[in-house]
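Take a look at the structure set out below.
The values are calculated or read from the model by the stated rules, or taken from the named source; none is laboratory data. From a predicted model like this one, the values you see are computed outputs, not experimental measurements. FYI the Cβ positions are ideal-geometry reconstructions off the backbone, even for glycines, and counts take in every protein chain you see. Surface areas here come from the heavy atoms of the whole protein model, side chains and all, with no ligands, DNA or RNA. Shrake-Rupley method; radii C 1.70, N 1.55, O 1.52, S 1.80 Å.
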Amino acid sequence: MKSSSNEIHAVLTRQQIIDQLRANGITAGMTLMVHSSLRSFGYVCGGAQTVIDALLEVIGYEGTIVVSMQSGDNSEPGYWQYPPVAIRFFDVIRKSHPSFHTTHSDVHRMGAISKSIRHREGSVTTSHPAVAFSAIGKYARFICRHHPLDFPLSKESPLGACYDLKAHILLLGVDYDSCTAFHLAESISAKRAVILQGGAIESSVGRIWQKYLDYDYDPDDFKNIGLMLQHKGLVSEFAIGNSKVKFFEMQPAVDAAVGWLKERVV
């Protein structure tokens, strides 16, 4: 029998993931902000469940995992880029998009691992219409206790709580442009323009389209910020299966990113 071109030639197990995480500095009690691509690993026996089980095993009961739960379609359509939408549909979207729900709103761009975290028993999800966070572990409720509608990626947000907890960033098969923590640096630097955003939320009178203030974020700078961090020796790089992993401390990374933005953004 001829083998299929799609035949699995390597299998990644929970124990192998645990071993690589521990060998590369992930320890019990850490707060991890995780961004991930399940596909990047190759075949994982058990999929997203296995990756999350491995992470939770390594950080233990004293640790916490935090993931972004962004619902980019629940935002002002005039700012959409991937793809953009014709102006004639702006009002239709504002009137028709469902309000954000912490358990079943569409977050299709977040990937299988992040979405699985949201549905884990004991997880907590914030209710921001566009840039929610989910967390599980010791500090989940502390991190998600407050998420302002205005400037939702500021020091007053779950990102600020992660910064104060001296969280670490774990990029599993994704690049620096996926690193939500750098939006905190944009907020602190005050180098981005302030814009009027909007999203569908539930209110005392039912669903409404709520306007709010935010920064005009630009993740196009994030890869250069990441290269700067690497040059400073702040990033550990290794592999788990086929996944290229980047691991670094949040506080010094955000502080360095703030300096980079202040020097280079007019």
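Once the Kirkwood radius over Cα pairs is known for the stretch 132-266, the Stokes-Einstein relation at 4 °C and 1.567 mPa s delivers a diffusion coefficient of 81 µm²/s.
For 39, 145, the ranking by accessible surface with the largest value first comes to 39, 145, using a 1.4 Å probe. Once both axes come from the Cα atoms, what is the angle between helix 222-231 and the longest principal axis of the chain, in degrees from 0 to 90, rounded to 10? That helix lies at roughly 40 degrees to the long axis. Once you have a ≥ b ≥ c as the square roots of the Cα gyration tensor eigenvalues for the stretch 52-169, tell me rounded if a/c is under 1.5, and otherwise prolate or oblate according to whether a/b is larger than b/c. Prolate, since a/c reaches 1.5 and a/b exceeds b/c.
Kirkwood hydrodynamic radius of the stretch 27-80, from the reciprocal of the average inverse Cα-Cα distance over all distinct pairs: 13.3 Å. Residue by residue, the stretch 239-251 carries 3J(HN,Hα) couplings of 10, 10, x, 8, 7, 7, 10, 10, 9, 7, 6, 6, 4 Hz when phi is fed to the Karplus relation 6.51 cos²θ - 1.76 cosθ + 1.60 (θ = phi - 60°); x denotes Gly or Pro. Reported to the nearest whole Å, the Cα centre-to-centre distance from the stretch 8-64 to the stretch 229-256 is 16. What the Cβ-Cβ distance of residue 210 and residue 251 gives, at R0 = 35 Å and to the nearest 0.05, is a FRET efficiency of 0.65. Taking Cα centre as origin and charging only the Cβ of basic (Lys, Arg, +1) and acidic (Asp, Glu, -1) residues, the dipole magnitude of the chain rounds to 260 debye. Using a probe of 1.4 Å, the accessible surface attributed to residue 44 totals some 10 Å² when neighbouring protein chains are kept in position. Near residue 36, the amide H atoms lying under 5 Å from its own belong to 172; only residues 5 or more places off or on other chains count, and H is placed 1.01 Å from N. For the chain, carbon and sulfur atoms together expose 50% of the accessible surface, with a 1.4 angstrom probe and every protein chain in place. Amide H to amide H distances under 5 Å link residue 69 with 132, 133, 134, where only residues 5 or more positions off or on other chains count and H is placed in the peptide plane. The packing ranking of peptides 58-69, 178-189, highest mean first, is 178-189, 58-69, where packing means the average number of other beta carbon atoms within 10 angstrom of each residue. Heavy-atom accessible surface of the chain, averaged per residue, reaches 50 Å², computed with a 1.4 Å probe. With Rh defined as the Kirkwood radius, the inverse of the mean 1/r over Cα pairs, the Rg/Rh of the chain is 0.98. Couplings 3J(HN,Hα) for the stretch 21-31, derived from phi with the Karplus relation 6.51 cos²θ - 1.76 cosθ + 1.60 (θ = phi - 60°), are 4, 5, 5, 10, x, 7, 10, 4, x, 6, 9 Hz, where x marks Gly and Pro. For the chain, find the longest principal axis of its Cα atoms and tell me its angle to the long axis of helix 47-59, 0 to 90°, nearest 10. With rounding to tens, the tilt is 80 degrees.
For residue 76, the amide hydrogen comes within under 5 Å of the amide hydrogens of 198, counting only partners 5 or more places away or on other chains and with H modelled in the peptide plane.
For the stretch 69-114, evaluate the Debye formula with one uniform point scatterer on each Cα (no solvent term) and list log10 I(q)/I(0) at q = 0.15, 0.18, 0.33 Å⁻¹, rounded to two decimals. Taken in order of the listed q values, log10 I(q)/I(0) reads -0.42, -0.59, -1.27. The fraction of Cα-Cα pairs per 5 angstrom bin, counted from 0 for the stretch 1-123, comes to 2, 9, 16, 17, 14, 11, 10, 9, 7, 4, 1, 0 percent, rounded to whole percents.
In a simple Cβ point-charge model (Lys, Arg +1; Asp, Glu -1; nothing else charged), the stretch 133-198 has a dipole of about 260 debye relative to its Cα centre.
Treating the stretch 111-176 as a set of equal point scatterers at the Cα positions, no solvent, please give the Debye-formula log₁₀ I(q)/I(0) at q = 0.13, 0.15 Å⁻¹. Each listed q corresponds, in turn, to -0.36, -0.48. Adding -39500 (n - 2.57) for every DSSP H run of four residues or longer, then dividing by how many residues the chain holds, sets the calculated 222 nm ellipticity at -9000 deg cm²/dmol.
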